[in-house]
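Taking it in order: structure first as structure tokens, then the write-up.
The values are calculated or read from the model by the stated rules, or taken from the named source; none is laboratory data. All values reported here derive from a predicted model rather than from experimental measurement. Cβ atoms come from the backbone with ideal geometry, glycine included; neighbour counts cover every protein chain shown.
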Amino acid sequence: MNELQKYAKLKGYEFKNNSIYLMQNGFDITVRALMVPQMYNLFIQVERHPGETESQFEGFLDLLKQKPQEFQRFMFNGRTLHIVWRATSKLKEDPISKVINWLTTSLREHGFEPNSHCALCSDSEGIVTDALIEGIRMKTHPACKQGMIQQVKAEQDGKPKNFFTGLIGALIGAAIGTIPWLVVSWFGWYVGVLSVIIGISSFAFYRWFGGPITKRTKVLILFTTLFGVVFANYAIAAMILSSNGYTIELYNVILLYQEPSISPVLWENLGIGLLFVAFSLPYLYRKVQEQETTSLVIE
């Protein structure tokens, strides 16, 4: 359970897709954690109407500009106010409630109201209900929501997904991702940090070969990334054997890893590679999770 999830449980907020959903002063709000500590995306649903004046709009944005350390980016996208916010204190001190209350109060003071229009058809007539569009809570007509779900499903059904071909692609991607590591090693340097590229390449090729995003995807990417690290170190050992006139076979590779003059460097390279794979896993898993979120366009 991550920090944002613990906070949501403590406050009684709904938590899903690494986001919390709440309502403050009538505004629907989505708070999503970014990869950088204490950085968040805030999405607030705001009514935009023809009578809105330029001074009204600029007046509110000027308030945000006065706090550049907190509000690092902000923009209106239709009826969604998107703010990149940096919390100035830990979640246990509840900075989210404070900033959300300040933002929504300021919006109302500048004449902005909570959005009541359908996010899909922009009509305010009829009953609108909550929906998640790309993980952001918005208002939609039930009929519009259902129509979009069917449209997305039809598009997804038209794209073939195959776990086996995705696995083949992930293995190919992992092997290709070892190339920078091997090139550097050829010139006599052993840079385990390049193992990070293996995981990125593996996931990219998994998607390219039509691999579906499921609960097994994270495990598969971990497996193929580790395969790439081992493959790279085997290839490095093979290059050393070949350059010294030895036959490239598993037995000689094992002996090489026991050779006092070279084994410390080989083991260190392997260890650093595995260590950086561990460091890169949160990033890789976040990329997988983002694909899971965007694949469920509306729910």
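Worth a mention:
- Filter result for residue 65 (at pLDDT 85 or above, more than 27 Å from residue 123 (Cα to Cα), among the basic types (Lys, Arg) and surrounded by 13 or more Cβ atoms within 10 Å (Cβ to Cβ)): no
- Checklist (1) of a type in the set (A, V, I, L, M, F, W, C); (2) over 19 Å from the mean Cα position of the chain (by Cα); (3) not in a loop (DSSP other than H, G, I, E, B) applied to residue 85, failing item: (2)
- Residues in region 207-219 that are farther than 11 Å from residue 284 by Cβ and either aromatic (Phe, Trp, Tyr) or in contact with a Phe, Trp or Tyr (Cβ under 8 Å, 6 or more places away or on another chain) (or both): 6 in all.
- In region 1-23, residue surrounded by the fewest Cβ atoms within 10 Å (Cβ to Cβ) [restricted to those that are under 21 Å from residue 134 (Cβ atoms) and either among the hydroxyl-bearing types (Ser, Thr, Tyr) or more than 22 Å from the chain's Cα centre (by Cα) (or both)]: 23
- Residues of region 81-93 satisfying the condition of being out of contact with any Leu (no Cβ under 9 Å at 6 or more places or on another chain) and at pLDDT below 90: 88, 89, 90, 93
- Residue ID - modelled with the highest pLDDT, chosen from residues in region 245-293 that are among the polar types (S, T, N, Q) and under 30 Å from residue 215 (Cα atoms): 280
- Residues in region 79-102 that are surrounded by 15 or more Cβ atoms within 10 Å (Cβ to Cβ) and farther than 18 Å from residue 33 by Cα: 79 only.
- Filter pass, residue 29 being without any contact (Cβ under 8 Å) to a residue 60 or more places away in the chain and surrounded by 16 or more Cβ atoms within 10 Å (Cβ to Cβ): no
- Within region 263-290, residues that are more than 17 Å from residue 222 (Cβ to Cβ) sit with their Cβ atoms under 6 Å from residues that are surrounded by 13 or more Cβ atoms within 10 Å (Cβ to Cβ), at 6+ positions apart or across chains, in these pairs: 263/257; 265/190; 266/257; 269/190; 269/192; 272/192.
- Within region 95-118, the residues that satisfy the criterion of being touching a residue at least 60 places away in the same chain (Cβ under 8 Å) and in a loop (DSSP other than H, G, I, E, B) are 112, 113, 115, 116, 117.
- Residue check for residue 135: closer than 24 Å to residue 2 by Cβ and touching a Lys or Arg at 6+ places or on another chain (Cβ under 8 Å): yes
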